[in-house]
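The values are calculated or read from the model by the stated rules, or taken from the named source; none is laboratory data. Quantities reported herein were computed from a predicted structural model and do not represent experimental measurements. With ideal geometry, Cβ positions are generated from the backbone for all residues, glycine too; neighbour counts draw on all protein chains shown. Surface areas here come from the heavy atoms of the whole protein model, side chains and all, with no ligands, DNA or RNA. Shrake-Rupley method; radii C 1.70, N 1.55, O 1.52, S 1.80 Å.
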Amino acid sequence: MSTSSGIDGGIEGLRNGLIEVSSVIVGQVEQAVDAWETRNTELARTVIAGDDDVDARCASLERMSFDLVLLQAPKAHDLRLIHSGLIISVALERVGDLAVAIARRVEALEPSTPVPEVDALIKRMEPRDRKS
């Protein structure tokens, strides 16, 4: 039988992992948008190259969630937290994939080709920027 410190430590590890991968993914999105705005293909390649790390981190968080459920026999409150962590890790991985999609579009663009629809969308997103 597991101890409560085992489940508490596991949930804390899950929480910390989510915070860490969130930070990495926010950086990827910022770099992808910067690459788009400046048509910087090298920066776009950096985002694309970082995707494997994000995927591995998210897969690790998913495994951690499943291990907590299977090995620690969590109570209802803990199960809700673990379930939320699993949903969040999947969503974060998708956001990372979207950053890569932006970066791949940068690679496909002619350096001076404007794309007004995307540029307008990015402008609308600026007020929602976490730095604001």
The residue that is surrounded by the most Cβ atoms within 10 Å (Cβ to Cβ), considering only those in the range 27-42 that are under 16 Å from residue 55 (Cβ atoms) and out of contact with any Asp or Glu (no Cβ under 9 Å at 6 or more places or on another chain), is 32
Does residue 56 satisfy being among the aliphatic types (A, V, I, L, M), at pLDDT below 95, over 22 Å from residue 6 (Cα atoms) and not in a loop (DSSP other than H, G, I, E, B)?
-> no
When the range 44-58 is checked residue by residue, the ones that are of a type in the set (A, V, I, L, M, F, W, C) and open to solvent by 40 Å² or more (accessible area, probe 1.4 Å) are 49, 56
Any residue at all in the range 65-73 that is more than 16 Å from residue 7 (Cβ to Cβ) and exposed (fewer than 15 other Cβ atoms within 10 Å of the Cβ)?
-> no
Give the range 1-55 a look and list any residue that's closer than 16 Å to residue 67 by Cβ and under 12 Å from the mean Cα position of the chain (by Cα), or say none.
-> 17, 18
Could you please tell me which pairs satisfy a Cβ distance under 7 Å, a separation of 6+ or placement on different chains, a first residue in the range 8-36 that is under 25 Å from residue 72 (Cα atoms), and a second residue that is among the acidic types (Asp, Glu) and surrounded by fewer than 20 Cβ atoms within 10 Å (Cβ to Cβ)?
-> 11/78
Screening 108, 44 for residues that are small (Gly, Ala, Ser), without any contact (Cβ under 8 Å) to a residue 40 or more places away in the chain and on the phi < 0 side of the Ramachandran plot leaves only 108
Determine, yes or no, whether residue 21 is of a type in the set (Val, Ile, Thr), part of a helix (DSSP H, G or I) and surrounded by 20 or more Cβ atoms within 10 Å (Cβ to Cβ).
-> yes
